[in-house]
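A short reminder: the numbers here are calculations on the coordinates, not readings from a lab. The model shown is predicted, which means the values in this text are computed figures rather than measured ones. Cβ placement follows ideal geometry from the backbone for every residue including glycine, while neighbour counts extend to all protein chains displayed.
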Amino acid sequence: MYRVWNFVTNYSLLLIFGALIALIWANIDAHSYHHVVEYPIWFNDLVGTDAGKWMSKYGEDFHIDAIGDVSRVLTFHYLVNDVLMAFFFAIAAKEVWEAVILENGSLRGKKAATPLVATLGGMVGPIAVYLGMAYFVFGSETYDAVARGWAIPTATDIAFSYLVGRIVFGAGHPAVRFLLLLAIADDAAGLIILAIFYPSGELAPAMLLVSLAAAIAVFFLFNWLPRKMDAGDQLRPRSTWVREKLSFWPYLVAGAISWWAFQESGLHPALGLLPIVPTLPHADRAFGIFSEAEQYLTDLLNHTEHLLKHPVEVILFFFGLLNAGVEFNSIGAPTWLVLAGLLIGKPFGILLFGWLAAGPMKLGLPVGMRIIDLFVIGCVAAIGFTVSLFVASVAFPGGAVQDAAKMGALFSFGAALVSIIAGKLTRVQKQED
């Protein structure tokens, strides 16, 4: 049973199961599906979506006439998308942080230059295709309706892209490492886009000072100060006591404060743990995302990630369940725009910008990689799935446009098949470990 569970979680199959259940459920009984998604767990003044808006939209369905003097309602959907998904983004932020800060980080120095330029192409290309097709193919009316979703096809699902990349190139091919660098940089850019362009409410930037204060306090009291007091003492008694007795709990408390501050600031609260991630004590090296060796690192940052791995997989199951329930009759212009942005914009954007970096800019490619491999990498990176679904859910209000855009994000999983075909046609030579 343990091996089965490991297989399911290592290959992120829980997310796929959740999405498939949602698709079937929504197309059999859409009313009961949405009834579960928007189920009110707690009416309160601290956490949740706007209670007044929820009442006007769903109150009658739940036979609720009055809720009293409360301002928020914690729904099942809000709990997963806005609260629990914060742990998913924290893990993504951990990989980005290590890639940037560590001496052997994959996004430090010249070795990251070409992947970073290619990442820019992997964002510019999809945006150009999405907005260009919306205006010139579907017309100005459709353009006005869908323009806010420009960031949906910029996303790359790092987990699935990595797995498909290994299938196409083999685990030992330098293109797999290149793909990981690109996906990590894409994640970093995606977090910035969510924070800047998709606020969840009216902006109150001053509240971010609360988040900053929580991050500084937890870093100073539970990271810097114990190490400072242990200076010159090889036994490190204070740091060891903090690590063994308090573990991640101070950071979890600081994370809760930061999350609340993000909610109150108007930024998407799922990003609320990001300021806390850099404050955790970390090792002086990293083996790379999804590396089995990282579970043996004893620093608190890697230990916390290891503890979160399986819970986050379960969270992704519920994320798929609560976000992928789209009726097939919802397919429309946003579906094809998201798909075109991913399947056309990503490969050609990465190919063009990667070629510019490797050739005219003289930044080069890793030994063993060809220019045409950039196109295949772009096909693999076109799997938007998880992050595209998330962006679609915040880019548009619930309704036909959001559902159609989500369908495009779901269909992007077809890029896996496109990648395998592209690999065969371009004669990729698989290299195993």
So how strong a dipole does the chain carry about its Cα centre when Lys and Arg Cβ are +1 and Asp and Glu Cβ are -1, to the nearest 20 debye?
-> 1600
For the pair Ala113 and Ile196, the simple spin-label estimate (label points 7 Å beyond Cα toward Cβ) gives in nm 2.4
With the dipole of region 201-267 defined by +1 on each Lys or Arg Cβ and -1 on each Asp or Glu Cβ, the option from Val218, Gly266, Pro237 whose Cα lies farthest towards the positive pole is Pro237
Karplus-derived 3J(HN,Hα) from phi for region 129-146 (6.51 cos²θ - 1.76 cosθ + 1.60, θ = phi - 60°), whole Hz, x at Gly and Pro, runs 5, 4, 6, x, 5, 4, 7, 8, 9, 9, x, 5, 5, 5, 4, 4, 6, 10
For region 201-267, what relative contact order do you get, as a whole percent, if you take Cα pairs closer than 8 Å and at least 6 residues apart?
-> 63
Between Leu356 and Ser56, how many nm apart are label points set 7 Å from Cα along the C-beta direction?
-> 4.5
Principal axis dimensions, region 201-267 - Cα atoms, whole angstrom, descending | 50, 19, 10
Calculate, in nm to one decimal, what Lys430 and Ile41 gain on full extension: separation in residues at 0.36 nm each, minus their alpha carbon distance.
-> 135.0 nm
Subtracting the Cα-Cα distance from 0.36 nm times the residue separation, let me have the gained length for Leu20 to Asp233 in nm, one decimal.
-> 71.1 nm
If you average over every viewing direction, what projected area does the convex hull of the Cα atoms of region 363-433 give, in nm²?
-> 6.5
Pairs over 24 Å Cα to Cα, from Lys309/Lys424; Lys94/Lys362; Lys346/Lys406; Lys53/Lys309, come to Lys309/Lys424; Lys94/Lys362; Lys53/Lys309
Relative contact order of the chain, pairs being alpha-carbon contacts under 8 Å that are 6 or more residues apart, as % = 28
So, with points 7 Å from each Cα along the Cβ direction, the Ala256-Thr240 label distance in nm works out to 3.0
Rounded to the nearest Å, what's the spacing between the alpha carbon centres of region 169-207 and region 417-433? Just the number, please.
-> 25
Percent of Cα-Cα distances greater than 28 Å, calculated over the chain = 52
Find how much the distance from Asn27 to Lys309 grows on full extension, using 0.36 nm per residue of separation minus their present alpha carbon separation; answer in nm with one decimal.
-> 98.4 nm
